Amino acid sequence: MEIFISLFQQILFGAVVIIFGILLTDRINFIKSNIQMGKPLDRNDRKGERLKAMLLFAFGQKKMFDRPFVGLLHFVIYAGFLIINIEILEIILDGLLGTHRLFVPILGGWYPVLINFFELLALGVVLTCIVFLIRRNSHLIPRFWSREMKGFPVLDGNLILIFEILLMLFLFTMNATDSILQTRGTESKYVSEHYPVVGSFLVSQIFIPLYRDWDTTSLFYLERIAWWVHILGIMSFGIYVTYSKHLHIALAFPNTYFSNLEPKGKLENMPVVTAEVKSMLGIAEANPVVENSANIGRFGAKDVEDLTWKNLMEAYTCTECGRCTSVCPANLTGKLLSPRKIMMDTRDRMEEKGYNLRLHGKDYQDGKSLYGDYITKEEIMACTTCNACVEACPVNINPLDIIIQIRQYIAMEESGTPAQWNSMFANIENNAAPWAFSPSDRFNWAEELQSKQV
């Protein structure tokens with residue numbers, strides 16, 4: 001009976017792996033095509049600095065430790081996720097080959113040491129997730145309850161934490177029942193051949209008293225159920241995170257690598273406008289963007305395809321932690337602007353547009369746009385461009401870049417900037433300063449001051 005079950009689960013597991021691979025590949029391709037909707041941007045320079053940024057901010061989580069307690073807890077989950085999942089390799093090979101604990105003969109005495117280490121990390125993950133669940137749902141931290149954190153965003157954060165706790169508990173159950181089955185080899189030839197004696201493990205041994213009185217057959221089925229739930233849970237988790245804020249687990253690395261390495265206060269000129277100004281000054285250079293007016297498109301950004309691919313990657317990378325919003329002076333003074341919402345809206349619009357293009361073809365227009373249908377003018381105009389949100393983001397996301405591009409659209413396509421701004425723009429154009437004084441009169445105040453002193 002056990003041999004039949006083993007053969008059946010081997011075939012079934014192979015089918016599950018294939019289905020998982022197809023679903024995950026399709027989702028990855030969809031995300032990739034959505035990011036490619038954005039405009040080109042060259043971020044292949046200064047490779048050494050980029051690698052350093054990736055190691056510091058994605059791998060080393062440098063900015064997370066700006067808040068040490070939370071940073072340490074996050075690191076426990078992060079390390080647990082990376083290291084414990086090494087065990088997945090053995091589980092997958094066991095499932096495909098019909099073996100059990102394939103690495104025992106290879107690692108010998110190091111095998112239980114490694115599993116003990118994994119279990120300690122798993123226990124750390126469970127305890128940390130419990131702390132985060134309490135912290136997230138206690139209403140003590142305002143950024144978790146902003147207006148954009150309604151519905152799925154709140155559910156998503158809780159689901160992931162509960163999911164991780166359950167995965168670890170099934171891991172402990174699997175190891176505890178396995179430890180008992182190792183001592184039942186005399187009762188079943190199959191058990192003696194498939195459950196090598198490696199002893200009990202540090203954490204899962206706590207669960208052994210719960211199952212010690214079970215008969216061998218029931219233990220075998222429970223161990224197999226725990227094994228299946230654990231690996232299916234991990235595969236389901238792998239697909240689910242591509243729909244979740246936890247996609248940053250993967251995208252944080254390329255996102256930090258392709259960070260903007262220029263000083264945070266530096267604003268990039270619009271190439272079309274720069275070329276036009278040079279042309280007016282008689283220093284025009286050959287510029288294919290300007291020469292072919294069809295390539296110009298609109299000024300600034302109204303929808304996701306007007307943004308760069310890096311802006312769209314950042315939208316998928318957003319962790320929804322709210323650190324950007326918690327330091328935003330506009331948000332703190334009651335304005336509608338929330339940098340986190342800007343990123344969430346960009347991702348939601350990108351997903352919506354991507355599905356429409358997939359269903360109806362590349363020429364389909366749904367009559368909606370990022371600015372107007374998702375992000376309002378009031379939000380955009382509230383930004384002080386202080387870069388606090390950019391500085392706070394643990395994975396180097398730049399909400400300000402999207403805000404500025406939408407502002408450019410409002411100013412240059414809609415002529416929708418406030419009257420006070422328009423006066424300032426006119427003064428800068430005519431007087432080279434924000435004030436309504438002729439450049440020749442700029443130092444009159446100094447002359448008057450000097451005359452009074454005399």
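Regarding the stretch 34-46, can at least one residue be identified that is in contact with a His (Cβ under 8 Å, 6 or more places away or on another chain), modelled with pLDDT of 85 or more, polar (S, T, N, Q) and crowded, with 17+ Cβ neighbours inside 10 Å? So that I can check it myself, show each step before the final result.
Step one: of the stretch 34-46, the residues in contact with a His (Cβ under 8 Å, 6 or more places away or on another chain) are none.
Checked against the condition, which is being in contact with a His (Cβ under 8 Å, 6 or more places away or on another chain), modelled with pLDDT of 85 or more, polar (S, T, N, Q) and crowded, with 17+ Cβ neighbours inside 10 Å, the stretch 34-46 yields no hits at all.
Could you tell me how many of the residues in the stretch 165-211 are among the small types (Gly, Ala, Ser), more than 20 Å from Ile234 (Cα to Cα) and either part of a helix (DSSP H, G or I) or at pLDDT 90 or above (or both)? Can you show your working first?
Step one: filter the stretch 165-211 for residues among the small types (Gly, Ala, Ser), giving 176, 179, 185, 188, 192, 199-200, 204.
Narrowing further to those that are more than 20 Å from Ile234 (Cα to Cα): 179, 185, 188, 192, 199-200.
Checking the rest, the ones that are also either part of a helix (DSSP H, G or I) or at pLDDT 90 or above (or both) come to 179, 185, 192.
Residues in the stretch 165-211 being among the small types (Gly, Ala, Ser), more than 20 Å from Ile234 (Cα to Cα) and either part of a helix (DSSP H, G or I) or at pLDDT 90 or above (or both): 3 in total.
Right, Gln408: crowded, with 16+ Cβ neighbours inside 10 Å and either within 19 Å of Phe144 (Cβ to Cβ) or among the polar types (S, T, N, Q) (or both) or not? First the steps, then the outcome.
Values: crowded, with 16+ Cβ neighbours inside 10 Å: yes; either within 19 Å of Phe144 (Cβ to Cβ) or among the polar types (S, T, N, Q) (or both): yes.
Taking the combined requirement at face value, the residue satisfies it.
Would you check if Thr346 is exposed (fewer than 14 other Cβ atoms within 10 Å of the Cβ), in contact with a helix residue (DSSP H, G or I) (Cβ under 7 Å, 6 or more places away or on another chain), hydroxyl-bearing (Ser, Thr, Tyr) and in contact (Cβ under 8 Å) with a residue 12 or more places away in the chain?
On the way: exposed (fewer than 14 other Cβ atoms within 10 Å of the Cβ): no; in contact with a helix residue (DSSP H, G or I) (Cβ under 7 Å, 6 or more places away or on another chain): yes; hydroxyl-bearing (Ser, Thr, Tyr): yes; in contact (Cβ under 8 Å) with a residue 12 or more places away in the chain: yes.
For Thr346, the condition - exposed (fewer than 14 other Cβ atoms within 10 Å of the Cβ), in contact with a helix residue (DSSP H, G or I) (Cβ under 7 Å, 6 or more places away or on another chain), hydroxyl-bearing (Ser, Thr, Tyr) and in contact (Cβ under 8 Å) with a residue 12 or more places away in the chain - is not met.
What is the number of the single condition among (1) β-branched (Val, Ile, Thr); (2) outside any loop (DSSP other than H, G, I, E, B); (3) farther than 20 Å from Ile162 by Cα that Thr99 does not meet?
(2)
Could you tell me which numbered condition Leu159 fails, if it satisfies all but one of (1) under 19 Å from the mean Cα position of the chain (by Cα); (2) farther than 27 Å from Gly334 by Cα; (3) loosely packed, with under 14 Cβ neighbours inside 10 Å?
It is condition (3) that Leu159 fails.
Could you pull out every one of the helices (runs of 4 or more DSSP H) wholly within the stretch 380-454 that has 1 or more residues that are in the same structural domain as Thr325 (by TED's automatic domain parsing) and β-branched (Val, Ile, Thr)?
Working: elements: 388-392, 399-412, 419-431, 444-453.
It comes to 388-392, 399-412, 419-431.
Is there a residue being among the β-branched types (Val, Ile, Thr), within 29 Å of Ser218 (Cα to Cα), modelled with pLDDT of 90 or more and out of contact with any Leu (no Cβ under 7 Å at 6 or more places or on another chain) anywhere in the stretch 132-154?
Within the stretch 132-154, the first condition is being among the β-branched types (Val, Ile, Thr), and the residues that meet it are 134, 141, 154.
With within 29 Å of Ser218 (Cα to Cα) added as a condition, the list becomes none.
No, there is no match, as no residue in the stretch 132-154 is among the β-branched types (Val, Ile, Thr), within 29 Å of Ser218 (Cα to Cα), modelled with pLDDT of 90 or more and out of contact with any Leu (no Cβ under 7 Å at 6 or more places or on another chain).
Name the residue that is farthest from Glu320 (Cα to Cα), counting only residues in the stretch 43-78 that are assigned to a helix (DSSP H, G or I) and of a type in the set (Asp, Glu).
By that ranking, first place goes to Glu49.
Could you grab the pairs with beta carbons closer than 6 Å, sequence gap of 6+ or different chains, first residue in the stretch 35-51 and within 17 Å of Asn396 (Cα to Cα), second one among the hydroxyl-bearing types (Ser, Thr, Tyr)?
From residues that are within 17 Å of Asn396 (Cα to Cα), the pairs are Leu41/Thr308; Arg50/Tyr257.
Applying the selection to the stretch 358-374, what residues are more than 21 Å from Phe30 (Cα to Cα) and of a type in the set (Gly, Ala, Ser)? Give the steps one after another, and end with the answer.
Filtering the stretch 358-374 for residues more than 21 Å from Phe30 (Cα to Cα) gives 367, 371-374.
Passing the criteria: Gly367, Gly372.
Can you tell me which of (1) under 30 Å from Asn137 (Cα atoms); (2) in contact with a helix residue (DSSP H, G or I) (Cβ under 6 Å, 6 or more places away or on another chain); (3) of a type in the set (Val, Ile, Thr) is the one Ile402 doesn't meet?
Every condition holds for Ile402 apart from (1).
Take the residues of the stretch 358-371 that are without any contact (Cβ under 8 Å) to a residue 40 or more places away in the chain and assigned to a helix (DSSP H, G or I): which is surrounded by the most Cβ atoms within 10 Å (Cβ to Cβ)?
By that ranking, first place goes to His360.
Do we find a residue being surrounded by fewer than 19 Cβ atoms within 10 Å (Cβ to Cβ), out of contact with any Leu (no Cβ under 8 Å at 6 or more places or on another chain) and free of Cβ contacts under 8 Å to residues at least 12 places away in the same chain anywhere in the stretch 222-233?
Looking for residues that are surrounded by fewer than 19 Cβ atoms within 10 Å (Cβ to Cβ), out of contact with any Leu (no Cβ under 8 Å at 6 or more places or on another chain) and free of Cβ contacts under 8 Å to residues at least 12 places away in the same chain, one finds at least one in the stretch 222-233, hence yes.
The values are calculated or read from the model by the stated rules, or taken from the named source; none is laboratory data. These numbers come from a predicted model, not from an experiment. Cβ coordinates were reconstructed from backbone atoms using ideal geometry, including for glycine residues, and neighbour counts include every protein chain displayed.
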